[in-house]
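Here's the structure, in structure tokens; my notes come after.
Read-outs: derived from the displayed coordinates by stated rules, not from any lab. Not measured: the values here are computed from a predicted model. Neighbour counts are summed over all protein chains in view; Cβ atoms, including those assigned to glycine, are modelled from backbone coordinates with ideal geometry.
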Amino acid sequence: MKKVTSFSKKILIGALVIIITILHLGSSGNNMALHVLHRELYFLPILLSAFWFGMNAGFMVSLLVGFLYASYILAYTSGHVGMVTVIPQVFVFILIGTILGWLADREKELQKKRMTDNNVIILGRAASAVSHEMKQILSAMKSMFGRAGGLKQDEYDRDYEAELGRLDKMVDILSSYAKPEKGRIFSHDLNVVVLDRVKFFEKEALEKGIILKTSLDPEGCPSWIDPDKISWVLDKIIQNAMEVSGSGDTIGFSSRRGGEYCTVSIRDQGPGIKPEHLEKIFTPFFTTKPDGHGLALAGCRKSLHDLGGDIKVKSTLGNGAEFIITVPREPAGKSLAQDPVAAVFRGQGDSQLTRE
């Protein structure tokens with residue numbers, strides 16, 4: 001249906017250009033009223049192409065219209081006089097088509113962002129309720145399993161505990177969409193968190209023959225973060241990197257301070273991400289894994305947004321992927337944790353004044 005609609009719009013724009021041009025060519029060069037009318041009518045296909053198809057289409061149609069308009073005017077006037085008339089008008093055509101097309105593209109991007117934000121809010125509300133119930137059920141199941149002494153068969157016990165572990169991870173991911181808790185922001189060195197998570201995965205990496213290499217900012221990365229949330233985000237990214245890495249591959253960790261943010265980069269040497277998947281990778285429920293749920297990376301972005309940070313990805317197919325995490329940097333000089341007055345002026349509550 002969308003293809004038919006898009007095709008019909010293109011036909012309409014093309015038909016308008018042709019009809020207006022025929023009328024323009026068929027009118028007398030001395031009839032100024034018709035000349036002005038046709039000039040104004042040319043704005044119709046320009047405006048429609050810009051609003052419907054964006055900046056590139058608006059520019060191309062305005063360029064075509066400018067050429068058709070200029071050809072007619074130059075044919076009925078002397079060279080110098082014709083150029084004085086044509087150049088400003090063609091410039092206006094192109095300017096209108098380009099600017100309106102850019103505005104249309106920008107509005108579409110904003111609309112897409114608003115829809116994504118609304119979806120995340122709705123998902124957060126649902127996740128908050130569901131995760132709360134699942135936590136209670138999971139806790140009851142673990143308690144009953146423990147009191148009963150297991151299923152009395154080692155194989156079934158292992159399978160049951162594995163399934164409980166999977167359910168526990170799902171609850172953990174769903175909980176990341178719940179309303180962020182207050183009082184969890186600390187002044188903390190981001191490098192310490194990164195090194196802690198790297199150490200946690202060292203044994204698994206050694207067993208798989210994967211090399212974990214760090215290149216962290218030697219001056220440290222003091223940041224305003226929730227160490228638990230950042231650890232959770234790093235775990236998800238590292239787990240993904242471990243899954244796509246083979247023996248002999250390297251997963252690199254780097255950090256640096258800059259401006260108002262501290263940045264952590266995690267780069268693997270896996271197969272990379274397809275270009276068409278890059279824009280969707282943080283969308284809830286989007287996954288390329290057969291047994292995936294599409295919530296982990298979306299949960300990472302949600303958690304980082306709650307902290308005032310973000311996460312981006314760069315990848316070339318066949319050449320690995322790089323996930324870049326940014327979090328608010330602690331201001332240079334006196335720590336806000338030691339200066340409550342400054343914190344108040346920055347709009348921070350006293351629950352965010354704990355320093356580790």
Check your understanding: Do any chymotrypsin sites (Phe, Trp or Tyr not before Pro) in region 241-312 lie in a loop, going by DSSP, with at most 12 other beta-carbon atoms within 10 Å of their beta carbon, and if so which?
Key -> Phe285
Practice item. Going by C-beta contacts inside 10 Å, put Val192, Val17 in order with the fewest on the left. Key: Val192, Val17
Check your understanding: Looking at this model, which pairs from Lys208/Lys236; Lys9/Lys312; Lys152/Lys289 are more than 29 angstrom apart at the alpha-carbon?
Key -> Lys9/Lys312; Lys152/Lys289
Revision key, fill the gap. Cβ-Cβ cut-off under 11 Å around Val244, Lys and Arg +1, Asp and Glu -1: the net charge is -2
Check your understanding: Tell me, Thr316, Thr98 in order of fewest to most beta-carbon neighbours within 10 Å?
Key -> Thr316, Thr98
